[in-house]
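Undergrad: The structure under discussion is supplied below as structure tokens; questions concerning it will follow.
The values are calculated or read from the model by the stated rules, or taken from the named source; none is laboratory data. Since the structure is predicted, the reported quantities are computational estimates derived from the model, not experimental observations. Because the Cβ atoms are built from the backbone with ideal geometry, glycine has one as well, and the counts that use them run over all protein chains shown.
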Amino acid sequence: MAKDKNQQNEQAIEKGDVEAVDSRTRLKLLIVLGKERGYLTYAEINDHLPDDVQDSEQIDGIIGMINDMGIQVYEEAPDAEVLLMSDAPPAVTDEDAAEEAEQALATVDSEFGRTTDPVRMYMREMGTVDLLTREGEIEIAKRIEDGLKHMVQAIAACPTTIAELLSIVDKVAADELSVDELVDGLIDSDVGMDDVMTAASNEEEEPELEDEEEEDDDGAKAAAISAEALAKLKEEVLTRFAVIRQSHQKMSQILAKKGSQDPEYLALQAAILEELTAFRFSAKQVEALCGQLRDMVEKIRGHERKVMEFCVDKS
């Protein structure tokens, strides 16, 4: 089916190329005729225009190009007296006219090639964009990884956000929230939603069985595999967050006694950061946590403005 569709697309593109060549030839003949006589009529222009040129702006552009070449455009063929009175340049030979026509078409080919055909539009636009190289893919992957790392660093630097994460983990432990709503998997482990998706895809790709009972058994087996993968992911997540919880409790104690610049506090913060970078958090949770951080930043800025206004008023 896909092969037939590709063949149809290729045939459509080849047909479009033939039509483009034919349109160019007709326009060239039109320009040559105008250069030889010094004028054209609107009817002649309309007869020579490509079928896909129907937009009024395109037609006006073509007529403007013809006028710029020194070819007058009339409603009807002018008589000799009108031609003598006009300031049009003298007619040229066939060879000179053909050469000027080629030059004119070369400068406006992009306009003549406009089309509403989706395939030709896609091929034309695709040709203007460089394909992504292997080096480009690596660079984009590094930038995405750096962005995620910076996001996790921001979370790790804020005890309040870590506390919010731990409260979400408590909901996962109490089965109030599914683990896949918190994380998609673990970066340094084979445990993750990939296992769940693989199980689901295997279920879909199974050939149809004649016995309905066998189909039900296969579906139940795939569901059991998915549940097993989720249970394994949940266990791993809870284990790792137990370590983060201990570090967070120690951080809170040190923060209250020694402040946020104490070496032990910074070491615990780095340890939490390392643990958090192992998680592939779900997009929903990332957005929620980032939203909380933004709200806190706005509140802090609001308090700073009030303090500044107070200081200015009292000075």
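Undergrad: Within segment 106-134, restricting attention to residues that are charged (D, E, K, R) and not in a helix (DSSP H, G or I), which residue is modelled with the lowest pLDDT?
TA: At the first step, the residues of segment 106-134 found to be charged (D, E, K, R) are 109, 111, 114, 117, 120, 124-125, 130, 134.
Right, trim to not in a helix (DSSP H, G or I) and you get 114, 117, 130.
Numbers: Arg114: 50, Asp117: 53, Asp130: 71.
Among them, the one singled out is Arg114.
Undergrad: Write out, first by first residue and then by second, each pair whose Cβ atoms fall under 8 Å of each other, whose residues are 6+ apart or on separate chains, and whose first residue, in segment 293-315, is in contact (Cβ under 8 Å) with a residue 40 or more places away in the chain while the second is among the β-branched types (Val, Ile, Thr) and in a helix (DSSP H, G or I).
TA: That search, which allows pairs on different chains as well, returns Leu293/Ile155; Leu293/Thr161; Met296/Thr160.
Undergrad: Scan segment 60-74 for residues that are without any contact (Cβ under 8 Å) to a residue 40 or more places away in the chain and small (Gly, Ala, Ser) and jot them down.
TA: If the condition is that a residue be without any contact (Cβ under 8 Å) to a residue 40 or more places away in the chain and small (Gly, Ala, Ser), then Gly64, Gly70 are the ones that fit.
Undergrad: Is it the case, given these coordinates, that Glu304 is surrounded by 12 or more Cβ atoms within 10 Å (Cβ to Cβ), assigned to a helix (DSSP H, G or I) and among the acidic types (Asp, Glu)?
TA: Values: surrounded by 12 or more Cβ atoms within 10 Å (Cβ to Cβ): no; assigned to a helix (DSSP H, G or I): yes; among the acidic types (Asp, Glu): yes.
So Glu304 fails the test.
Undergrad: Let me ask something else about it. With the requirement that a residue be among the small types (Gly, Ala, Ser), exposed (fewer than 12 other Cβ atoms within 10 Å of the Cβ) and part of a helix (DSSP H, G or I), what does segment 149-179 give you?
TA: Correct list: Ser167 only.
Undergrad: Can you tell me which residue within segment 253-269, out of those that are of a type in the set (Gly, Ala, Ser) and assigned to a loop (DSSP other than H, G, I, E, B), is surrounded by the most Cβ atoms within 10 Å (Cβ to Cβ)? Break it down stepwise before answering.
TA: Our first condition is that a residue be of a type in the set (Gly, Ala, Ser); within segment 253-269, this holds for 256, 259-260, 267.
Next, only the ones that are assigned to a loop (DSSP other than H, G, I, E, B) stay: 259-260.
Working: Gly259: 9, Ser260: 12.
Step by step, filter segment 253-269, then rank; the result is Ser260.
Undergrad: A follow-up question, please. Quick check: anything in segment 135-148 modelled with pLDDT under 80 and surrounded by 12 or more Cβ atoms within 10 Å (Cβ to Cβ)?
TA: Yes, the conditions are met somewhere in segment 135-148.
Undergrad: Being assigned to a helix (DSSP H, G or I) and either of a type in the set (Asp, Glu) or at pLDDT 55 or above (or both) is the requirement here; does Val237 meet it? Spell out how you get there, then give the answer.
TA: Working: assigned to a helix (DSSP H, G or I): yes; either of a type in the set (Asp, Glu) or at pLDDT 55 or above (or both): yes.
Yes; evaluated as a whole, the condition is true for this residue.
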